[in-house]
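See below for the structure under consideration.
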Amino acid sequence: MESKRPNIFQRALAERPIVTIIVFVLFLFGLIALVNVFVLFLFGLIALVKMPRQEFPNFTIRQGLIVGVYPGASASEVEEQLTKRVESFLFGFSEVKREKTYSTSKENVMIVVVELNDDVHDSDAVWTKLRHGLNELKGQLPSGVVSLTGSNDFGKTS
């Protein structure tokens, strides 16, 4: 005697009869698509009403630039005498994200793009500390260095 396996509808009817009957009736009358659309529309309306909105949301810009000007110096002199010293100064701060901070040394100029760690919430205080330290570091650099400036206000949006 051959045993017959129940098909998927018979199995569903045996395990969850009410849900199976509702789904079967909806398929029968072609309303399953309409019910899905209605449920998704309802979820969208609920999300729209409950979603927080701000005209000017607060967010922290964690990047900044440090620019050093060393007139008459070649790119290698700028690298050795200015860039390496500024980088070692910057990497002394725990707030500076080392893997995202990079520098470019060119003839007469050095640019360091600095990014702060994600756990820094008051970036203005960190940048004030960095600028103060850069002013002190400038006195220890070669006399030909004209400017050493830190800027983080290029990202202000409001």
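The values are calculated or read from the model by the stated rules, or taken from the named source; none is laboratory data. Quantities reported herein were computed from a predicted structural model and do not represent experimental measurements. Here the Cβ positions follow ideal geometry from the backbone for every residue, glycine too, while neighbour counts run over all protein chains shown. With ligands, DNA and RNA removed, areas are computed over all heavy atoms of the protein, side chains included. Shrake-Rupley method; radii C 1.70, N 1.55, O 1.52, S 1.80 Å.
Quick notes on this one:
- Pair list, Cβ under 9 Å, 6 or more apart: the range 45-66 residue within 30 Å of Arg98 (Cα to Cα) and among the polar types (S, T, N, Q), other residue modelled with pLDDT of 90 or more and open to solvent by less than 80 Å² (accessible area, probe 1.4 Å): Thr60/Leu116; Gln63/Val113; Gln63/Val114; Gln63/Glu115; Gln63/Leu116
- Residue in the range 60-76 that is within 25 Å of Glu136 (Cβ to Cβ), modelled with pLDDT under 95 and among the basic types (Lys, Arg) present: yes
- Every residue from the range 53-78 that is of a type in the set (Ser, Thr, Tyr), assigned to a loop (DSSP other than H, G, I, E, B) and farther than 25 Å from Ser123 by Cα: Tyr70, Ser74
- Odd one out for Phe27, checked against (1) open to solvent by 100 Å² or more (accessible area, probe 1.4 Å); (2) not in a helix (DSSP H, G or I): (2)
- Residue within the range 68-88 that is open to solvent by 40 Å² or more (accessible area, probe 1.4 Å) and among the aromatic types (Phe, Trp, Tyr) present: no
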